[in-house]
1. Can you tell me which residues in region 449-483 are out of contact with any Asp or Glu (no Cβ under 9 Å at 6 or more places or on another chain) and among the aliphatic types (A, V, I, L, M)?
2. What is the number of the single condition among (1) at pLDDT below 90; (2) assigned to a loop (DSSP other than H, G, I, E, B); (3) touching a Ser or Thr at 6+ places or on another chain (Cβ under 6 Å) that residue 111 does not meet?
3. Would you please name the residue that is modelled with the lowest pLDDT, looking only at residues in region 8-29 that are within 19 Å of residue 505 (Cβ to Cβ) and of a type in the set (Gly, Ala, Ser)?
4. With respect to residue 510, determine if the residue is touching a Lys or Arg at 6+ places or on another chain (Cβ under 8 Å), in a loop (DSSP other than H, G, I, E, B) and not hydrophobic (A, V, I, L, M, F, W, C).
5. State whether one or more residues within region 371-384 are of a type outside the set (Asp, Glu), loosely packed, with under 15 Cβ neighbours inside 10 Å and more than 25 Å from residue 305 (Cα to Cα).
6. From the residues in region 365-399 that are of a type in the set (S, T, N, Q) and out of contact with any Gly (no Cβ under 9 Å at 6 or more places or on another chain), which one is modelled with the lowest pLDDT?
7. Do we find a residue being within 24 Å of residue 456 (Cβ to Cβ) and among the basic types (Lys, Arg) anywhere in region 246-254?
Amino acid sequence: MAAIITNKLRIYNAQQFIESLNESASQWEPGSPYVLGDIVFNNTNLYICVEAGTSSADPSWMGPEHETGVSADGTAKWLYYNKSAYNNLYLGIGKTDPWGTENDVPAGSGGGTETNPPTPLDTISNQYNILNNLIAIKKIDPKFVTLALPRINWEAGQVYTMYEHDSGEEIIPNNYVMTEDNNQYNVYKCINNKAYFDGAYQEVISTVKPTGTDPDDILTTGDGYRWKFMYSILLDEAMKFLTEDYMPVKHLATDPNGGDPALNNPGHLQWQVQQSAKEGAIEHISVVDMGSGYKPNNAGMVQSATSNTVVLDSNAAVSPVSGIYDGYAVYITSGTGEGQMRVIDNYYGNDGFSGGYPDFTATIVGTWDVQPDGTSQYRVGPWINPNDSDPLTTGTGLKAIANVSGGFITSVDVIDGGTGYNSINATVSAPNGGNALQATVKGIISPPNGHGYNPVEELGGYYGMIDMKLVYDENHMLPVVGDASHFRQISVIVDPIEEQSGVSCNASIYRAVQHPEYTTYTSQDTAAAFDVQVGDETPASERTVAGTGKLLYVENRQQISRAIDQIEDIKIVFEF
């Protein structure tokens with residue numbers, strides 16, 4: 001059976017992972033007061049308090065465990081909300097002894113060396129080995145987790161991949177770039193990478209860096225490229241998540257300004273881009289075959305007009321040959337009647353075939369909605385017929401006019417992308433004259449909801465990134481001297497068990513089994529800080545049960561040595 005798993009599933013999984021962290025909840029506690037709307041975690045389930053009260057303190061009661069509806073708990077009531085796949089996520093550091101020692105053998109890692117650590121193996125024995133090698137774990141706050149993309153810096157001389165609705169998504173190509181100017185990081189999506197060059201319509205190298213943050217329009221640069229501004233990476237996001245290889249991406253569900261423009265939240269610009277996205281619009285038309293024998297475009301000032309005619313500008317190189325513009329379109333570019341485009345039915349030059357009209361008159365199919373006048377500027381050229389009545393076309397309202405150079409169609413300007421298109425069979429008007437060949441074009445269908453609406457889906461945000469810092473000794477919870485101040489493994493663990501409560505860890509940081517003070521205080525400085533004596537037992541509420549938790553990620557590294565005045569900035573990227 002032929003089948004594929006699409007990128008959308010990978011993106012969905014990445015989004016669900018991030019969402020589950022944002023839904024992380026406190027562990028249910030017996031005999032505790034809860035208010036309406038509180039969310040708790042118990043027995044891998046999430047519950048919402050729908051009636052305020054105090055939870056049961058009965059020792060035989062283990063908390064809510066139902067998976068449908070509402071259940072009473074003391075004087076409180078809980079509504080089952082969801083399963084919690086990843087409730088409390090922790091960053092783990094471990095592996096104090098060097099790579100290549102006999103301790104690596106049971107892990108099935110193949111030993112490795114200090115300069116060339118082994119590749120981790122995804123086996124049950126190796127997972128237990130990693131969990132039993134932990135020194136400490138630190139809770140991952142959802143605000144330090146993001147969706148991410150591979151970072152692609154704009155560089156002159158590169159050919160970037162344009163968006164096309166029928167291009168495969170198996171591997172996201174380089175169809176977007178990031179630019180950097182004075183700590184301003186902008187992301188652009190490539191809408192077109194082709195131009196008329198060296199006698200052909202073809203892909204060209206990018207030589208002009210895209211600039212600007214207009215939320216409405218698509219930018220055309222001097223090299224022929226067209227770019228859609230997608231979003232800016234805010235400075236605080238860049239500090240946390242922008243690396244040499246990856247960059248953050250997100251879709252906004254609400255306006256960061258909360259509907260109040262006076263707040264001027266820097267994230268509001270992306271919201272404007274999302275709201276300006278044109279669902280079902282054809283925002284680019286690509287030339288497939290340039291054809292031949294097309295007459296040059298003409299542009300000038302309208303001399304006069306009636307309800308169904310327009311007199312073209314004799315001072316603007318308009319052709320004197322009658323019939324030469326028949327089947328072309330006249331587009332009012334500015335002035336009275338701006339935005340109207342009509343097909344020319346008959347054109348009368350000044351070659352003696354006036355048909356009773358003034359010289360340089362074009363009669364149009366239909367009539368003007370707003371009659372142009374002497375303030376109106378026009379443009380004449382081949383037009384793109386969207387064939388809206390064709391069964392192969394959905395949508396309405398596309399208006400576009402082609403540019404001619406040397407008798408060839410060299411590009412198409414979209415005047416109005418229309419709405420509702422998810423398929424299109426566009427054609428270009430035929431040239432006039434003998435030995436002419438009609439050009440062919442391809443209307444590029446926008447993604448669902450339009451370009452810029454969802455950067456995560458449009459650019460391929462199926463990467464997750466975690467940014468965590470280990471700061472000094474984390475209030476005496478991380479060793480900074482001795483063998484345990486060196487670690488070689490970084491891991492991500494979900495729901496390890498706290499020794500005191502016997503349920504999932506929920507505090508910000510814990511000692512793990514390889515911590516030198518896992519069970520008793522051995523350092524005078526640490527003992528003094530907690531007002532205890534060396535040899536006293538460390539609190540069970542500050543340590544994990546060895547070997548517990550689900551291991552989601554592990555990375556073997558060369559030795560990292562901690563110190564009292566040192567901060568480690570750890571960034572983890574994983575692909576879904």
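1. Selection gives 456, 459, 465, 466, 478, 481.
2. Checking residue 111 against (1) at pLDDT below 90; (2) assigned to a loop (DSSP other than H, G, I, E, B); (3) touching a Ser or Thr at 6+ places or on another chain (Cβ under 6 Å), the one that fails is (3).
3. 24
4. Values: touching a Lys or Arg at 6+ places or on another chain (Cβ under 8 Å): yes; in a loop (DSSP other than H, G, I, E, B): no; not hydrophobic (A, V, I, L, M, F, W, C): yes.
Against the criterion (touching a Lys or Arg at 6+ places or on another chain (Cβ under 8 Å), in a loop (DSSP other than H, G, I, E, B) and not hydrophobic (A, V, I, L, M, F, W, C)), residue 510 does not qualify.
5. Among the residues of region 371-384, not one is of a type outside the set (Asp, Glu), loosely packed, with under 15 Cβ neighbours inside 10 Å and more than 25 Å from residue 305 (Cα to Cα), which makes the answer no.
6. Within region 365-399, the subset of a type in the set (S, T, N, Q) is 367, 371, 375-377, 385, 387, 389, 393-394, 396.
Adding the requirement that they be out of contact with any Gly (no Cβ under 9 Å at 6 or more places or on another chain) leaves 367, 385, 387, 389.
Numbers: 367: 96, 385: 90, 387: 84, 389: 78.
That would be 389.
7. From region 246-254, those within 24 Å of residue 456 (Cβ to Cβ) are 246-254; that's our starting set.
Now restrict to residues that are among the basic types (Lys, Arg): 250.
Looking for residues that are within 24 Å of residue 456 (Cβ to Cβ) and among the basic types (Lys, Arg), one finds at least one in region 246-254, hence yes.
Conditions tested, residue by residue: (1) more than 19 Å from residue 480 (Cβ to Cβ); (2) surrounded by 15 or more Cβ atoms within 10 Å (Cβ to Cβ); (3) not hydrophobic (A, V, I, L, M, F, W, C).
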| position | (1), (2), (3) |
| --- | --- |
| 516 | no, yes, yes |
| 526 | no, yes, yes |
| 544 | yes, yes, yes |
| 547 | yes, yes, yes |
| 573 | yes, yes, no |
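The values are calculated or read from the model by the stated rules, or taken from the named source; none is laboratory data. For clarity, every value in this text was computed on a predicted model and none was experimentally measured. Every residue, glycine as well, gets a Cβ built from its backbone with ideal geometry; the counts of neighbours run over all protein chains shown.
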